[in-house]
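The values are calculated or read from the model by the stated rules, or taken from the named source; none is laboratory data. What you see is a predicted model, and the numbers here were worked out from it, not measured in a lab. Glycine also receives a Cβ, built like all others from the backbone with ideal geometry; neighbour counts cover every protein chain displayed.
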Amino acid sequence: MQVYLPIAEISVNALLLLGLGGIVGLLSGMFGVGGGFLITPLLFFIGIPPPVAVATGTNQIVASSFSAVLAHLKKRSVDLRMGSVLLAGGLAGAALGVQLFAYLSRIGQIDLLVQLSYVGFLGVIGFLMLMESLRAMQRARKPGYRAKRHHHTWIHALPLKMKFRRSGLYISVIPPLLVGATVGVLSAIMGVGGGFIMVPAMIYLLGMPTKVVVGTSLFQIIFVSGFTTLMHATTNYSVDMVLAVLLIVGGVIGAQIGAGIGTRLKAEQLRILLALLVLAVCAKIAIGLVLEPEELYSISRLKGGA
Amino acid sequence: MIRALLLLAMAITILPLRPIGAQAEPEEEIIADLSQNHVAITTRFIGSEILVFGAIRREAPPPEDAPLGLIVTIAGPSEPIVVRRKARRAGIWVNADAVHIDSAPSFYAVSTNAPMREILIGSEDLAHNISIRQAITSFWTTQLSPDTPEFIEALIRLRRKAGLYQMNEGGVRLRAKTLFRTSVRLPSNLVEGTYSARVFLTRKGRVVDVYKTAIEVNKVGVERWIFNLAHQRPLIYGLLSIVIAIIAGWGASSAFRYLRG
């Protein structure tokens with residue numbers, strides 16, 4: 001069943017898009033990640049113009065995080081204060097990122113930036129995650145070991161301190177602002193929510209307790225993604241509503257099935273699988289950059305989204 | 001298709017009406033029509049096929065010695081584009097050189113009844129911009145480099161691969177030196193706008209007559225509405241996208257939970 005996408009201006013098989021959304025939803029349900037880092041490159045592979053893929057990816061993230069945020073708010077596992085500080089940074093970062101995106105599109109280097117960002121971030125995060133889960137598996141075999149939190153670092157020496165009651169923290173607002181801004185830029189450039197970078201940063205850099213980390217990051221992601229969608233819609237006219245709806249419907253169904261599978265696997269196993277998945281996506285993109293491409297030439301239209 | 005055949009039949013019946021034996025005019029005239037003058041891009045649009053057909057009206061018997069050439073072109077709206085070439089920099093492949101092309105048709109199809117070089121001479125191509133190469137104006141490239149022709153060749157190659165540029169030598173079928181027809185495939189990734197269809201009649205490589213008509217390609221219905229909203233009211237469109245996304249996500253998960261009981 002072919003469907004014509006009004007903004008991407010191409011005709012794509014609707015079942016393929018539903019399936020794509022479904023597989024990414026399945027993985028995100030299994031691993032508890034947003035899946036933006038998978039959906040955007042997959043959209044490139046099936047021929048959606050990169051600006052449309054990135055902008056529509058952020059739109060899809062709003063939908064996939066919405067019900068999750070509601071659930072976390074109900075469970076009171078969202079640090080609204082921390083979330084707002086992260087959000088302030090995120091909005092500034094996203095505004096900057098969208099401008100950067102538009103500028104690099106004009107000079108023809110946007111694909112390079114997107115690919116390099118993917119290789120860099122996925123490589124580092126995948127590697128850290130793999131190391132961490134391997135260590136956790138070793139630790140699990142040695143009983144009596146307890147990880148310690150709250151070690152004093154340079155972060156505690158920064159000014160502008162603020163109390164975050166739900167996280168039980170009294171730290172400077174500068175690190176959360178910077179973390180938020182970084183995630184905002186990534187959201188605009190890579191079409192991702194940024195959970196895969198924000199969650200580790202919140203745990204290891206800010207020292208937040210694990211139980212509020214996911215809810216708080218989702219709270220920030222939903223607003224930053226919504227804002228990024230609006231910025232892309234008004235700056236680059238590249239949000240494709242039809243594409244987004246197909247991905248979302250497939251994604252939600254996949255996520256429900258994935259969540260069922262996820263509960264049956266052990267946490268460490270899940271994290272190793274996720275780390276391997278992240279590294280595989282990273283390797284695929286990196287190989288594309290290093291090998292001589294089959295086609296050296298490319299065409300870009302000066303007006304219009306693509 | 002039925003309409004096309006009907007029109008073809010009409011074209012044939014017109015032919016005997018010509019004033020036979022009237023003043024010997026060497027002129028030959030093209031009578032042509034298209035199977036459709038309007039292409040609607042709907043949600044289910046998967047491309048389209050346009051039939052160009054017609055007849056050659058003559059005041060005198062056709063010249064025996066001069067080969068007859070028929071060239072049908074269909075051109076989409078032209079726009080400025082940039083062609084980029086990758087080069088290896090610091091170990092990775094990046095876009096390095098670029099050539100700006102002032103005007104290139106978004107779609108261009110050429111069909112002929114014989115090899116181009118046998119039925120069209122260079123100066124006539126220059127005058128009428130018939131071949132794909134001529135349809136791309138490259139004179140005003142902003143970054144003139146000695147390898148600009150390579151970039152234009154690459155542009156043609158890429159768009160031919162995508163089905164946007166077509167060269168179909170022998171695609172025009174000529175019957176009894178009078179009736180002709182050809183069909184042109186329009187891909188699904190069409191740009192909106194006014195397309196121009198031209199039919200050239202040549203003798204000894206020179207253009208004797210030209211027939212021109214227009215084809216309107218437009219998005220219709222929901223497609224039209226979404227596209228217009230996105231470009232004219234981007235903020236409202238963006239907000240609407242978010243609301244629809246949330247409803248779709250919520251609706252799908254509720255429906256799924258309901259199905260599970």
What residue, among those in segment A:175-226 that are outside any helix (DSSP H, G or I) and over 14 Å from the mean Cα position of the chain (by Cα), is surrounded by the fewest Cβ atoms within 10 Å (Cβ to Cβ)? A:PRO209
Restricting attention to segment B:210-225, does a residue exist that is of a type in the set (A, V, I, L, M), within 14 Å of another protein chain (Cβ to nearest Cβ) and part of a helix (DSSP H, G or I)? yes
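Confirm whether B:GLY91 is within 30 Å of B:ALA176 (Cα to Cα) and either modelled with pLDDT of 85 or more or not assigned by TED's automatic domain parsing to the domain that holds B:ILE215 (or both).
no
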Out of all the residues in segment B:7-24, is one or more out of contact with any Pro (no Cβ under 7 Å at 6 or more places or on another chain), at pLDDT 60 or above, surrounded by fewer than 18 Cβ atoms within 10 Å (Cβ to Cβ) and not basic (Lys, Arg)? no
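Would you mind finding the one in A:VAL33, A:VAL85, A:VAL78, A:VAL3 that is assigned to a helix (DSSP H, G or I), touching a residue at least 40 places away in the same chain (Cβ under 8 Å) and not small (Gly, Ala, Ser)?
When all the criteria are applied, what remains is A:VAL85.
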Can you name the residue in segment A:45-68 that is within 14 Å of chain B (Cβ to nearest Cβ) and surrounded by fewer than 19 Cβ atoms within 10 Å (Cβ to Cβ) and is also farthest from B:ALA252 (Cα to Cα) among such residues? A:GLY47
Output the number of residues of segment A:232-264 satisfying the condition of being more than 10 Å from every other protein chain (Cβ to nearest Cβ), out of contact with any Leu (no Cβ under 8 Å at 6 or more places or on another chain) and among the hydrophobic types (A, V, I, L, M, F, W, C). 1
Of all the residues that make up segment B:171-196, how many are over 10 Å from the mean Cα position of the chain (by Cα), at negative phi and of a type in the set (Gly, Ala, Ser)? 3
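Every residue, every condition in (1) among the aliphatic types (A, V, I, L, M); (2) within 19 Å of the chain's Cα centre (by Cα), yes or no:
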site: B:ARG85; (1), (2): no, no
site: B:ARG88; (1), (2): no, no
site: B:ASN95; (1), (2): no, no
site: B:SER106; (1), (2): no, yes
site: B:SER111; (1), (2): no, yes
site: B:LEU120; (1), (2): yes, no
site: B:HIS128; (1), (2): no, yes
site: B:SER131; (1), (2): no, yes
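Residues checked against (1) small (Gly, Ala, Ser); (2) crowded, with 23+ Cβ neighbours inside 10 Å; (3) modelled with pLDDT of 80 or more:
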| position | (1), (2), (3) |
| --- | --- |
| A:THR228 | no, yes, yes |
| A:HIS232 | no, yes, yes |
| A:ILE253 | no, no, yes |
| A:ILE257 | no, no, yes |
| A:THR263 | no, no, no |
| A:LEU277 | no, no, yes |
| A:LEU296 | no, no, yes |
| A:GLY304 | yes, no, no |
Considering only residues that are surrounded by 14 or more Cβ atoms within 10 Å (Cβ to Cβ) and β-branched (Val, Ile, Thr), look in segment A:279-294 and name the one that is nearest to the chain's Cα centre (by Cα). A:VAL281
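Evaluate the following for A:LEU277: is it assigned to a helix (DSSP H, G or I), within 30 Å of B:GLU153 (Cβ to Cβ) and of a type outside the set (Val, Ile, Thr)?
The answer is no for A:LEU277.
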Exclusive hit being surrounded by fewer than 21 Cβ atoms within 10 Å (Cβ to Cβ), more than 28 Å from A:LEU276 (Cβ to Cβ) and either within 14 Å of chain B (Cβ to nearest Cβ) or in contact with a helix residue (DSSP H, G or I) (Cβ under 8 Å, 6 or more places away or on another chain) (or both), set A:LEU73, A:LEU42, A:LEU112, A:LEU116: A:LEU73
Only one of (1) in contact with a strand residue (DSSP E or B) (Cβ under 8 Å, 6 or more places away or on another chain); (2) of a type in the set (A, V, I, L, M, F, W, C); (3) in a loop (DSSP other than H, G, I, E, B) fails for A:VAL242. Which number is that? (3)
Leading residue by the ranking (surrounded by the most Cβ atoms within 10 Å (Cβ to Cβ)) among those in segment B:43-92 that are at the interface with another protein chain (Cβ under 7 Å from one of its Cβ atoms), part of a strand (DSSP E or B) and of a type in the set (D, E, K, R): B:ARG84
Condition test on B:ARG160, is it among the basic types (Lys, Arg), surrounded by 15 or more Cβ atoms within 10 Å (Cβ to Cβ) and modelled with pLDDT under 95? no
Which members of segment B:227-241 meet the condition of being facing chain A (nearest Cβ under 7 Å) and polar (S, T, N, Q)? B:SER241
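Could you list, in sequence order, all residues of segment B:245-261 that are part of a helix (DSSP H, G or I) and surrounded by fewer than 17 Cβ atoms within 10 Å (Cβ to Cβ)?
B:ILE247, B:TRP250, B:GLY251, B:SER254, B:ALA255, B:PHE256, B:ARG257, B:TYR258, B:LEU259, B:ARG260
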Please verify whether segment B:167-183 includes one or more residues that are of a type in the set (Ser, Thr, Tyr), more than 23 Å from B:ALA55 (Cβ to Cβ) and more than 14 Å from chain A (Cβ to nearest Cβ). no
Condition first: charged (D, E, K, R), under 28 Å from A:ILE46 (Cα atoms) and surrounded by 14 or more Cβ atoms within 10 Å (Cβ to Cβ). Now tell me which residues in segment B:183-239 satisfy that. B:GLU192, B:LYS219, B:GLU223, B:ARG224
